[in-house]
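The values are calculated or read from the model by the stated rules, or taken from the named source; none is laboratory data. All values reported here derive from a predicted model rather than from experimental measurement. Cβ sites come from the backbone with ideal geometry, for glycine too, and all protein chains shown count toward neighbours.
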There are 2 protein chains.
Amino acid sequence: MTNIKKVSELAGVSTATVSRTLKSPSLVTEKTREKVMAAVQRAGYRPNWLASSVKTGRSNSIVVLVPNLVNPFFMRIIEGIEQAAQEQGYSVLLGDTQGKGMRENEYASMVLSNRADGLIQLDHSFPFSENDASLADTIPMVSVCERIPEKRYPYIELDNYAAGRAVMNHLISYGHEHFGFIAGQRSSQIFRDRFAGMKSVMDEEGLAFDDSMLVGESYQIDTGIEGVRALLDNATRPTAICCFNDDIALGTMHEIHRQGLRIPDDISVTGFDNVRVSAYLNPPLTTIDQPAYEMGRRAFNVLVQMIKQEPLKRSREILPFQLVERESSGPAPSHS
Amino acid sequence: MTNIKKVSELAGVSTATVSRTLKSPSLVTEKTREKVMAAVQRAGYRPNWLASSVKTGRSNSIVVLVPNLVNPFFMRIIEGIEQAAQEQGYSVLLGDTQGKGMRENEYASMVLSNRADGLIQLDHSFPFSENDASLADTIPMVSVCERIPEKRYPYIELDNYAAGRAVMNHLISYGHEHFGFIAGQRSSQIFRDRFAGMKSVMDEEGLAFDDSMLVGESYQIDTGIEGVRALLDNATRPTAICCFNDDIALGTMHEIHRQGLRIPDDISVTGFDNVRVSAYLNPPLTTIDQPAYEMGRRAFNVLVQMIKQEPLKRSREILPFQLVERESSGPAPSHS
DNA sequence: CTGTTAGCGCATTCAC
DNA sequence: GTGAATGCGCTAACAG
């Protein structure tokens with residue numbers, strides 16, 4: 001291990017000068033700078049990042065808590081986070097929680113032990129353990145795309161209510177009247193917002209909603225498959241199915257095809273997220289585009305402000321969505 | 001910042017005892033342990049991870065270099081790495097390189113500065129800069145799914161040659177004779193292996209290969225789209241297209257459909273990776289399944305052995321693949 | 001089993 | 001502009 005002392009001896013200066021040369025070169029004469037740099041080069045010296053972090057008390061790392069790594073929507077958010085972090089000299093510690101509370105606790109405690117300076121949560125749960133909760137009040141944390149209930153942490157999200165309305169308006173404009181809904185986690189705020197948005201339009205149009213048309217409990221492909229089976233068992237079949245993310249929509253389309261039905265001729269399908277593959281499905285999926293990359297960037301920027309104790313302009317950022325109309329949705333089939 | 005000293009005063013013991021109680025509880029009396037734990041609780045104390053790492057010299061973190069975060073195949077590998085790391089008390093620093101050499105250099109240098117103990121490379125390039133290369137010889141590094149040429153680092157990969165053969169045998173058994181190939185990065189070893197495997201079977205069967213039937217330069221959806229356009233412009237149209245990953249296959253299928261052709265009736269399509277969505281495409285994709293998750297786990301386990309300076313049994317692990325036959329491939333169309 | 005002591009490698013006072 | 005000295009928070013060696 002070549003350390004700062006060795007370099008200082010090699011250069012014939014003090015350790016302080018070496019440190020200064022590397023951190024704030026302007027404080028040092030050009031001549032000594034050259035001497036030091038030559039010695040650094042010759043010794044193959046790398047400042048020990050751990051040691052300097054102990055001194056400054058900041059790790060320049062953040063933890064990102066993500067329920068899983070298979071949902072490409074999350075990855076796109078993380079890409080944005082990572083990019084912004086990289087630009088500002090921060091590193092990203094990946095915390096794949098698998099949705100398990102204990103894992104969340106472990107990763108969250110990394111901030112408490114100075115291993116990371118802040119935390120971005122992609123799920124809707126409060127990640128700290130009971131025991132840590134009291135310590136957690138002052139630590140920098142941001143949630144993105146979801147929202148942590150009953151807590152005052154900043155969050156970045158979509159106007160999910162308006163997005164829900166957009167989807168429903170779109171389908172109604174095609175003459176649909178019977179809808180199926182396949183949800184993800186129902187405990188989260190985004191479910192409530194999206195669903196409320198959809199229902200508000202139905203109410204305005206005088207369309208009835210039946211509880212049996214709402215199925216699904218998780219954001220997975222299989223949820224779509226099982227959802228279709230349940231929905232098509234109903235007395236009145238839906239002519240349009242609203243899926244609460246693109247993964248569910250993928251399973252939904254797959255199962256509809258398997259049953260020999262056509263999309264959108266027999267049933268229209270819509271999603272949420274506008275994941276990369278959605279544009280290339282057969283047929284391409286109508287969905288709500290979320291600016292995932294940008295959401296990630298924003299989340300990091302807000303987090304960094306908290307870390308640097310800068311005052312936040314606002315603790316809530318709502319980003320614009322866009323309804324992307326593709327071929328998976330179309331006119332309702334005429335009555336037989 | 002509550003530190004170990006405050007806790008020691010609160011508990012009426014020395015700092016060493018506090019440290020011991022937390023790290024190796026068996027070395028202290030039950031009674032003092034209780035005293036200390038009570039004080040820890042009361043002070044809301046968390047050991048400063050940075051400080052203890054400076055002492056031990058190990059960060060218990062590793063860096064994972066990944067060309068991009070949108071390819072779900074990579075994410076599955078990272079999931080395996082992260083899982084294995086978590087089990088052994090390591091954290092994963094995410095290094096999204098975007099395939100850029102400078103980014104690789106930066107992330108790789110984290111190992112040189114004690115920010116991480118080791119490195120897993122998912123791309124095929126040597127990640128260190130010219131300048132760092134000499135220091136890099138002794139650092140723990142593993143590559144997975146790709147292989148770093150001219151270097152002696154361990155790697156985990158598939159028998160890509162055999163997999164290439166399997167794909168070609170499958171298609172030939174369906175009577176295909178005219179093939180198109182849409183490749184990803186041609187500079188990598190896996191391209192050479194897979195392609196050589198395919199070609200070896202063609203040679204054995206006396207089937208000719210024409211350079212114009214090989215197109216594509218990157219592992220992206222668009223590559224598939226452009227690839228199809230190029231291939232279908234040829235004098236003799238292929239009846240089967242071998243894509244070098246599932247993303248390319250996705251674009252390929254999309255463009256074939258857009259041109260009004262049917263899969264597999266007019267053209268068969270095969271992929272590589274068996275990404276999660278591939279099973280749900282319309283039609284489902286025939287592809288080579290790679291045990292990505294397991295590859296990630298293995299890579300981490302090998303890396304940890306290197307970090308701990310344990311001798312490696314072997315520096316090369318070949319994992320089994322599997323040809324997954326789905327509906328995107330079928331009998332060659334009969335001659336018109 | 002516990003306390004004292006001495007660092008880990010570096011950044012930052014304070015003199016000069 | 002530079003050097004000497006101090007300490008970040010913790011762990012490990014040694015004594016007792």
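Assess whether B:SER53 counts as being under 20 Å from the mean Cα position of the chain (by Cα), hydroxyl-bearing (Ser, Thr, Tyr) and more than 16 Å from B:SER143 (Cα to Cα). Write out each step before concluding.
Details: under 20 Å from the mean Cα position of the chain (by Cα): no; hydroxyl-bearing (Ser, Thr, Tyr): yes; more than 16 Å from B:SER143 (Cα to Cα): yes.
No, not satisfied.
Please go through the stretch B:299-324 and give me each residue that is out of contact with any helix residue (DSSP H, G or I) (no Cβ under 8 Å at 6 or more places or on another chain) and of a type in the set (D, E, K, R), ordered by number.
B:LYS308, B:GLU310, B:LYS313, B:ARG314, B:ARG316, listed by residue number.
Among the listed residues A:PRO47, A:PRO72, A:PRO25, which satisfies the condition of being more than 30 Å from A:ASP246 (Cα to Cα) and either facing another protein chain (nearest Cβ under 7 Å) or within 12 Å of DNA strand C (Cβ to nearest atom) (or both)?
Numbers: A:PRO72 fails: more than 30 Å from A:ASP246 (Cα to Cα); A:PRO25 fails: either facing another protein chain (nearest Cβ under 7 Å) or within 12 Å of DNA strand C (Cβ to nearest atom) (or both).
Only one candidate passes the filter, namely A:PRO47.
For the stretch A:81-90, give me each residue that is in contact with a strand residue (DSSP E or B) (Cβ under 9 Å, 6 or more places away or on another chain) and either without any contact (Cβ under 8 Å) to a residue 60 or more places away in the chain or among the small types (Gly, Ala, Ser) (or both).
From the stretch A:81-90, those in contact with a strand residue (DSSP E or B) (Cβ under 9 Å, 6 or more places away or on another chain) are A:81-83, A:85-86, A:90; that's our starting set.
Of everything in the stretch A:81-90, those that are in contact with a strand residue (DSSP E or B) (Cβ under 9 Å, 6 or more places away or on another chain) and either without any contact (Cβ under 8 Å) to a residue 60 or more places away in the chain or among the small types (Gly, Ala, Ser) (or both) turn out to be A:ALA85, A:GLN86.
Let me confirm something: among B:SER113, B:SER59, B:SER109, which residue is buried (at least 23 other Cβ atoms within 10 Å of the Cβ) and facing another protein chain (nearest Cβ under 8 Å)? Quick ask: steps written out before the conclusion?
Working: B:SER113 fails: buried (at least 23 other Cβ atoms within 10 Å of the Cβ); B:SER109 fails: buried (at least 23 other Cβ atoms within 10 Å of the Cβ).
Residue meeting the stated conditions: B:SER59.
In the stretch B:77-98, how many residues are out of contact with any Leu (no Cβ under 6 Å at 6 or more places or on another chain), over 14 Å from A:GLY95 (Cα atoms) and either facing another protein chain (nearest Cβ under 7 Å) or part of a helix (DSSP H, G or I) (or both)?
1
Condition check ((1) within 15 Å of the chain's Cα centre (by Cα); (2) at pLDDT below 95) across all residues:
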{"position": "A:ILE81", "(1), (2)": "yes, no"}
{"position": "A:MET102", "(1), (2)": "no, no"}
{"position": "A:ILE156", "(1), (2)": "yes, no"}
{"position": "A:ALA166", "(1), (2)": "no, no"}
{"position": "A:SER188", "(1), (2)": "yes, yes"}
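I'd like to check something: does the stretch B:217-237 contain any residue that is under 20 Å from the mean Cα position of the chain (by Cα) and under 17 Å from B:THR286 (Cα atoms)?
yes
Kindly check whether there is at least one residue in the stretch B:92-112 that is free of Cβ contacts under 8 Å to residues at least 40 places away in the same chain, touching a Ser or Thr at 6+ places or on another chain (Cβ under 7 Å) and under 30 Å from B:LEU232 (Cα atoms).
No, the conditions are met nowhere in the stretch B:92-112.
Could you list all residues from the stretch B:264-292 that are assigned to a loop (DSSP other than H, G, I, E, B) and either without any contact (Cβ under 8 Å) to a residue 60 or more places away in the chain or within 12 Å of chain A (Cβ to nearest Cβ) (or both)? Break it down into steps so the answer makes sense when it comes.
If we filter the stretch B:264-292 for residues that are assigned to a loop (DSSP other than H, G, I, E, B), which is where we start, we get B:264-267, B:274-275, B:281-285, B:290-291.
Answer for the stretch B:264-292, where residues must be assigned to a loop (DSSP other than H, G, I, E, B) and either without any contact (Cβ under 8 Å) to a residue 60 or more places away in the chain or within 12 Å of chain A (Cβ to nearest Cβ) (or both): B:ILE267, B:ASN274, B:VAL275, B:LEU281, B:ASN282, B:PRO283, B:PRO284, B:LEU285, B:PRO291.
In the stretch A:5-18, which residue that is of a type in the set (S, T, N, Q) and either surrounded by fewer than 18 Cβ atoms within 10 Å (Cβ to Cβ) or not in a helix (DSSP H, G or I) (or both) is farthest from DNA strand C (Cβ to nearest atom)? So that I can check it myself, show each step before the final result.
Of all residues in the stretch A:5-18, those of a type in the set (S, T, N, Q) come to A:8, A:14-15, A:17.
Retained after the next criterion (residues that are either surrounded by fewer than 18 Cβ atoms within 10 Å (Cβ to Cβ) or not in a helix (DSSP H, G or I) (or both)): A:14-15.
Details: A:SER14: 7, A:THR15: 5 Å.
Only one residue tops the list, namely A:SER14.
Against the condition surrounded by 23 or more Cβ atoms within 10 Å (Cβ to Cβ) and either within 23 Å of the chain's Cα centre (by Cα) or of a type in the set (A, V, I, L, M, F, W, C) (or both), how does B:LEU207 come out, does it pass?
On the way: surrounded by 23 or more Cβ atoms within 10 Å (Cβ to Cβ): no; either within 23 Å of the chain's Cα centre (by Cα) or of a type in the set (A, V, I, L, M, F, W, C) (or both): yes.
When the stated conditions are applied, B:LEU207 does not pass them.
Scanning the stretch A:113-148 for residues that are aliphatic (A, V, I, L, M) and more than 22 Å from the chain's Cα centre (by Cα), which turns out nearest to A:ARG58 (Cα to Cα)?
Our first condition is that a residue be aliphatic (A, V, I, L, M); within the stretch A:113-148, this holds for A:116, A:119-120, A:122, A:133, A:135-136, A:139, A:141-142, A:144, A:148.
Checking the rest, the ones that are also more than 22 Å from the chain's Cα centre (by Cα) come to A:133, A:135.
Details: A:ALA133: 21, A:LEU135: 17 Å.
The residue in question is A:LEU135.
Residue by residue, here is whether (1) more than 18 Å from A:ALA279 (Cβ to Cβ); (2) not small (Gly, Ala, Ser) holds:
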position	(1), (2)
B:ASP246	no, yes
B:ARG258	no, yes
B:ASP273	yes, yes
B:THR287	yes, yes
B:GLY296	yes, no
B:GLU310	yes, yes
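Applying the selection to the stretch B:1-18, what residues are more than 9 Å from DNA strand D (Cβ to nearest atom) and touching a Lys or Arg at 6+ places or on another chain (Cβ under 9 Å)?
Quick first cut of the stretch B:1-18, residues more than 9 Å from DNA strand D (Cβ to nearest atom) only: B:9-13.
Within the stretch B:1-18, B:LEU10, B:ALA11, B:GLY12, B:VAL13 qualify.
Within the stretch A:28-38, can you find the residues that are aliphatic (A, V, I, L, M) and more than 14 Å from DNA strand C (Cβ to nearest atom)?
Within the stretch A:28-38, the subset aliphatic (A, V, I, L, M) is A:28, A:36-38.
Hits for the stretch A:28-38 are A:MET37, A:ALA38.
Would you mention how many residues in the stretch B:224-261 are assigned to a loop (DSSP other than H, G, I, E, B), more than 25 Å from B:ARG192 (Cβ to Cβ) and touching a helix residue (DSSP H, G or I) at 6+ places or on another chain (Cβ under 8 Å)?
So the answer is 2.
Taking the stated definitions as given, is B:VAL142 within 11 Å of chain A (Cβ to nearest Cβ) and touching a strand residue (DSSP E or B) at 6+ places or on another chain (Cβ under 9 Å)?
Details: within 11 Å of chain A (Cβ to nearest Cβ): no; touching a strand residue (DSSP E or B) at 6+ places or on another chain (Cβ under 9 Å): yes.
No, not satisfied.
If a residue has to be part of a helix (DSSP H, G or I), near DNA strand D (Cβ under 7 Å from one of its atoms) and either surrounded by 20 or more Cβ atoms within 10 Å (Cβ to Cβ) or polar (S, T, N, Q) (or both) to count, how many in the stretch B:19-53 make the cut?
First, pick out the residues of the stretch B:19-53 that are part of a helix (DSSP H, G or I): B:19-23, B:25-27, B:30-43, B:49-53.
Imposing the further condition that a residue be near DNA strand D (Cβ under 7 Å from one of its atoms) reduces the set to B:19, B:22-23, B:51-52.
Pick out the ones that are also either surrounded by 20 or more Cβ atoms within 10 Å (Cβ to Cβ) or polar (S, T, N, Q) (or both) and you get B:19, B:52.
Final tally of qualifying residues: 2.
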